[in-house]
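The values are calculated or read from the model by the stated rules, or taken from the named source; none is laboratory data. These numbers come from a predicted model, not from an experiment. Reconstructed Cβ throughout: ideal geometry from the backbone, glycine too, with neighbour counts over all protein chains shown.
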Amino acid sequence: MSIAKTYSPTAAEDKWYSYWLKHNFFRSVPDHREPYTIVIPPPNVTGVLHMGHMLNNTIQDVLIRRARMKGKNACWVPGTDHASIATEAKVVAMLKERGINKKDLSREEFLSYAWEWKEKYGGIILEQLKKLGASCDWERTKFTMDEDMSESVIDYFVHLHKKGWIYRGVRMVNWDPQGKTAVSDEEVIRKEVNQKLYYIKYEVAGEEERGANEGRTSHNAQRTPSHLTIATTRPETIMADAAICINPHDERYTHLHGKSVFIPLINREIPVIMDEYVTMDFGTGCLKVTPAHDLNDYELGQKHKLQIIDILNDDATLNEKAQILVGEDRFIARKKIAVLLEEAGALEKTEDYTSQIGYSERTNAAIEPKLSMQWFCKMPELAKPALEYVLNGDVKLIPEKFINTYRHWMENVRDWNISRQLWWGQQIPAYYLPNGDFVVAKTKEEALTEAHKIDASLTIDQLSQDEDVLDTWFSSGLWPISVFDGVRNPDNAEINYYYPTNDLVTAPEILFFWVARMIMAGHELRETKPFTNVYLTGIVRDKLGRKMSKSLGNSPDPLDLIAKYGADGVRVGMLLCSPAGNDLMFDEKYCEQGSGFANKIWNAFKLVKGWEIDNSIAPKNSVAIEWFSSRFSQALVEIDSDFAQYRLSEALMTTYKLVWDDFCAWYLEMVKPAYQQGVEKQKIDAETYNATVAFFEDILKVLHPYMPFLTEELWHDELFGTRSELDCCIVAQLPTIGKINSQLVAEIEIVQQVVTQIRNTRNNNQLSPKEALPLAVKANSAINYNQYEPIIKQLGNVTELSKIDDAINGANSFIAGTDEFFVMLNIAVDKDAERERLKKELDYLIGFLKSVNAKLGNERFMANAKPEIIENELKKKADAEARLKIVEDNLRGLAG
RNA sequence: GGGAGUUUAGCUCAGCUGGUUCAGAGCAUCUGCCUUACAAGCAGAGGGUCACUGGUUCGAACCCAGUAACUCCCACCA
């Protein structure tokens, strides 16, 4: 049978993924084993796979596969998030295309469209994850609006309300005029924007015009101006002004105390008030107070009991209270009013100005501060214990640098606006009585019971449920609990087994949105943490360091990458460039490296596969076998320690080097049957064959978490014998750490140096690698070169290795460890070049010794350094001296 | 405005408790090889003022102070 020249991933990937599914290898049910649980950060149901998901889910899959192979009951719960505002926006847009206006639909009608949409387009992302190889327990797939999930959310709401931690009130909230809903503080993204600062003149009531000068520039009390000037970025809100505020200590304006002014264009009279809040040296020192459209102004308004005039509709167009420009969008109104003011002579000037504007995370619309009746969740009581978990190390953040950020947020958290004026989501379980009172209960029936305590005559039809739905994060905060039905049935077998989960892999930007809320809910409902480790990945950027985004078009389609490099190649590629907690500069070349690695393994497989056993050949590679076995165990130790610290990238690199360098470049080269002219096929002794196959199998296991498809494909080759249907790499147990012969490893390191030096000698003398050369060793160390002779011969293409007691004059020499080697060439040695080379080494050694001696001669070093450091220095000294002697001898030999 | 992080080879990153003349890895580059698993390969080689300035120390990439650049988070100055 012929083996393909290169590995082609596509067929293998589909084949093995369905094989795994068919045999339920991803399935987890509680049993006697130790659980290892990850809940997926549920992607938006509307989402498509992007590079961030790729990174995130590759990491989770590596962790889950490794846990599975360590004998744990690995459970990875997948699912999607209903993402209320984002999804609702998509559905609204879809309806619009069909010529349907959301306004014309009832709630029920809209929701049925939304569900239809969800069934059709939702969850594409989960299918895409399968291409990546994600070994989720798909039978557990959850959606945050599944019936049981929604019930859990309602339960939690009722629970918090009972504790008095949920309240309703009119507050200034972040209003998204496009989504027509309030959003939480965390959903507002601030961006620096170039704006204009408009200087607008307000006429002062009862003042005579007495000069051309305006108030802001006048320091002359004699000349009382008839105007004052304010600076604002939002001229379209002047109609909502309730007052002008000045600082009481501002001497420029003492004459205005107790006065009132007229709003330009509409000539409404408003008072001038005083408050130290106003910064004297910003703008003109006069602040227009617009309580309905600015948070600070609102607070100022409360303090001074000002009237609230809301001139904006929900979609941020001006309403009739504005009197002018009614129906215009706020931004259009801004431009138009500037013109009107100009015409009225009320616009003194404009200046360019940059300031921070809030945008809705979901719709990207500029946020409008708006007063409205909303539901809030009190945070201090929830935040305090949630902070504790992280501070005392119960929940570990990886990397730790996020602890500070987390603490800062938790200590300064404000009450959370949890209501959204949307339909897609869990409707708030508050029921209003005809008199305006409300009761909170899980169902309308229960609500009626509650309501009867207020008014026994009420009927169920007289109750009306609150229209709003809950913030998506209110439900995703329950995710690790609700996927195991731990809210409704807090003592069920699943939650007791799987919870707390082990690792959470997510992006730092949702540390507060989500991670913190899960910790709060975990503590509140179960008095335990929801997970032990939170691995925070970086942002995937392009190689220029730009964040990958649709608008920049710099994000490759993950599925294209998989098609091009294979899922294994992409997985390896992602991890090769991903330091924990730092952003990663993604470049396709890493995927190329990944697929190149897959191909390397494939070729190594081809080599071994081609071997035939000849039982008449005596075992002759026991040294190589013991050596690789030791190296393998050393690598396992490193890999374990890397994983313990979540250094997945490093663990992968250790594996990469183990396979490429130790296994392929050294071990296989050591043991592979040498080329024999005229012999069609080389044969190999049974011991070597069996050991190599066993090594290969172990290597497949170690590689599996990173490269599940290739390893599974090879695993089932007859090279490894016949396997039962269920004997799969995915459920194989990782090799355990074996005996490490460190002396052997150290000695082979010398042997490797010898081989490299021989190759070098050939290179330097322009000899072909095919030219076999004789080698002599003058051993000063205790290394028994007899046992390494076959290796040196094979790898260095050496005809014979002779032991000598005296240096050979006229041969090319080199030192490995403390032993001298001589290569006999058929050409004359360039004595000058050789002398030069030795001289260089001599200088180095002299310098080296000098520094070591300086240290050893330093009293304070001897007094302060740890004993093992001193011991090490002494050894360095001895080694250097030995080498120095050899070099000196050789130099003398050259001279003589 | 406040806070955090980063800065080491052309690129992406290691460098753990300060202790080899310590400056590393992978990729890329250069040179030579189509050697019977692999040219997606093999064998070699070059490449760095550890951002900068001071300090502590017998000894600093590592600790301290300051400076600069970049990144992120938080924050209501119109």
Among the candidates A:Ser641, A:Ser630, A:Ser616, residue that is surrounded by fewer than 18 Cβ atoms within 10 Å (Cβ to Cβ), more than 9 Å from RNA strand B (Cβ to nearest atom) and polar (S, T, N, Q)
A:Ser616
Select, from A:Ile403, A:Ile398, A:Ile367, A:Ile357, the only residue that is touching a Ser or Thr at 6+ places or on another chain (Cβ under 8 Å), within 15 Å of RNA strand B (Cβ to nearest atom) and either under 30 Å from A:Asp468 (Cα atoms) or β-branched (Val, Ile, Thr) (or both).
A:Ile367
Determine which single condition A:Tyr590 fails, assuming it passes every other condition in (1) surrounded by fewer than 18 Cβ atoms within 10 Å (Cβ to Cβ); (2) over 23 Å from A:Pro735 (Cα atoms); (3) near RNA strand B (Cβ under 8 Å from one of its atoms).
(1)
Are any of the residues in the stretch A:162-173 in a helix (DSSP H, G or I) and either at pLDDT 95 or above or under 26 Å from A:Ile40 (Cα atoms) (or both)?
yes
Scan of the stretch A:449-478 for residues that are part of a helix (DSSP H, G or I) and either of a type outside the set (Asp, Glu) or surrounded by 12 or more Cβ atoms within 10 Å (Cβ to Cβ) (or both), ordered by number
A:Thr449, A:Glu450, A:Ala451, A:His452, A:Ile460, A:Gln462, A:Thr472, A:Trp473, A:Phe474, A:Ser475, A:Ser476
Enumeration of residues in the stretch A:857-872 that are surrounded by 10 or more Cβ atoms within 10 Å (Cβ to Cβ) and either among the aromatic types (Phe, Trp, Tyr) or more than 8 Å from RNA strand B (Cβ to nearest atom) (or both):
A:Phe861, A:Met862, A:Ile870, A:Glu871
Please determine whether any residue of the stretch A:218-236 is within 15 Å of RNA strand B (Cβ to nearest atom) and assigned to a loop (DSSP other than H, G, I, E, B).
yes
Tally of residues being over 22 Å from the mean Cα position of the chain (by Cα) and surrounded by fewer than 17 Cβ atoms within 10 Å (Cβ to Cβ) across the stretch A:112-137
6
Just one listed residue, out of A:Thr87, A:Thr141, is buried (at least 17 other Cβ atoms within 10 Å of the Cβ), modelled with pLDDT of 95 or more and within 25 Å of A:Ser482 (Cα to Cα), and it is A:Thr141
Exclusive hit being in a helix (DSSP H, G or I), surrounded by fewer than 21 Cβ atoms within 10 Å (Cβ to Cβ) and modelled with pLDDT of 90 or more, set A:Leu340, A:Leu325:
A:Leu340
Only helices (runs of 4 or more DSSP H) wholly contained in the stretch A:535-645 count here; list those with 2 or more residues that are farther than 21 Å from A:Pro705 by Cα and in contact (Cβ under 8 Å) with a residue 60 or more places away in the chain.
A:588-609, A:622-644
Can you tell which of A:Ala430, A:Ala441 is aliphatic (A, V, I, L, M), touching a residue at least 60 places away in the same chain (Cβ under 8 Å), closer than 30 Å to A:Ala516 by Cα and in contact with a Pro (Cβ under 7 Å, 6 or more places away or on another chain)?
A:Ala441
For the stretch A:257-286, name all the residues that are in contact with an Asp or Glu (Cβ under 9 Å, 6 or more places away or on another chain) and more than 9 Å from RNA strand B (Cβ to nearest atom).
A:Lys259, A:Ser260, A:Val261, A:Phe262, A:Ile263, A:Pro264, A:Asn267, A:Arg268, A:Ile270, A:Met274
Could you identify the single residue in A:Glu446, A:Glu388 that is of a type in the set (D, E, K, R), surrounded by fewer than 17 Cβ atoms within 10 Å (Cβ to Cβ), within 29 Å of A:Phe643 (Cβ to Cβ) and without any contact (Cβ under 8 Å) to a residue 12 or more places away in the chain?
A:Glu388
Just for the stretch A:1-24: of the residues that are outside any helix (DSSP H, G or I) and under 13 Å from A:Val731 (Cα atoms), which one is nearest to RNA strand B (Cβ to nearest atom)?
A:His23
